[in-house]
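Down below is the structure, laid out as structure tokens.
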Amino acid sequence: GVENYWLESIDLRNAIDRHRAELLMDEDPAIALQIFDRVVESAVDLFVSNPSRPMLLTHAIFALRSESTLFANQRQDRKSVQAFADAERLALERWEGHWDKGWPTRQVSQIYFEWTMSLYNRGHFAEALLVLNRWRTFHQRVFPFAIGDEGIPMMSDKYATAYSVLGLIRHASIAVVGV
């Protein structure tokens, strides 16, 4: 009815705004950030009033991930990390009880993957290791829902994560020894 139309129109506006903000990231980061913040607020409000529809929160998660990229491009590492942490907190707090749908676990794994790679690419190996450990803890918490489509493990598969942790421990040790 009317309520569904209203929900879908706001959700569509959030998608359009998010896309517009992504296009503006290089050209006008301040405006892009304002739009991302508005998308996060709107998507969270929508989800809070419709908790049985977890998809309504995805634009907030995507916007926070994009904010992290925006901050990383500006070499504002602390703000970049904070945006990832905000996305993680929002997803873990709000999507509890929805892991069986599969896609929320993929979204959270994507947060951890991008967060880890962002830190790794900047040479912050010890911090990347901490994020990987959070990813592993999340994977253990939501298993067996963290199995991907057709039973193929996702990128957060415990073995892949364990190997990544081992690789990062080596890098982190080298970084610490080299100091």
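The values are calculated or read from the model by the stated rules, or taken from the named source; none is laboratory data. Just so it is clear, the model here is predicted, and its values are computed rather than measured. Neighbour counts are summed over all protein chains in view; Cβ atoms, including those assigned to glycine, are modelled from backbone coordinates with ideal geometry. Note: accessible area is taken over every heavy atom of the protein model, side chains too, but ligands, DNA and RNA are not part of it. Shrake-Rupley method; radii C 1.70, N 1.55, O 1.52, S 1.80 Å.
Long-range amide H contacts for Trp95: which residues qualify at under 5 Å (H placed 1.01 Å from N, peptide plane, sequence gap of 5 or more or a different chain)?
Those qualifying (amide H under 5 Å, at least 5 residues apart or on another chain) number zero.
Using the heavy atoms of the protein chains and a 1.4 angstrom probe, tell me the accessible area per residue for segment 1-106 in square angstrom.
54
Please report, as a whole percent, how much of the solvent-accessible surface of segment 1-144 comes from carbon and sulfur atoms (probe radius 1.4 Å).
55
From the residues Gln74, Ala87, His59, which one has its Cα farthest along the dipole of segment 54-124 in the positive direction, the dipole being from +1 and -1 charges on Cβ of Lys/Arg and Asp/Glu about the Cα centre?
Of the listed residues, the answer is Gln74.
With a ≥ b ≥ c the root eigenvalues of the C-alpha gyration tensor of segment 1-115, is it rounded (a/c under 1.5), prolate (a/b larger than b/c) or oblate? Intermediate results must be reported in sequence, preceding the final value.
On the way: a/c = 2.43, a/b = 1.29, b/c = 1.89.
Oblate shape, in that a/c is at least 1.5 and b/c is the bigger or equal ratio.
Taking 0.36 nm per intervening residue step and subtracting the Cα-Cα distance, what contour gain separates Arg20 from Leu92 on full extension? Working shown, then result.
Working: separation 72, 0.36 × 72 = 25.92 nm, distance 2.67 nm.
Fully extending the segment from Arg20 to Leu92 adds 23.2 nm.
With each label point set 7 Å from Cα along the Cα-Cβ vector, what nm distance links Arg38 and Thr69?
Calculated label separation equals 2.0 nm.
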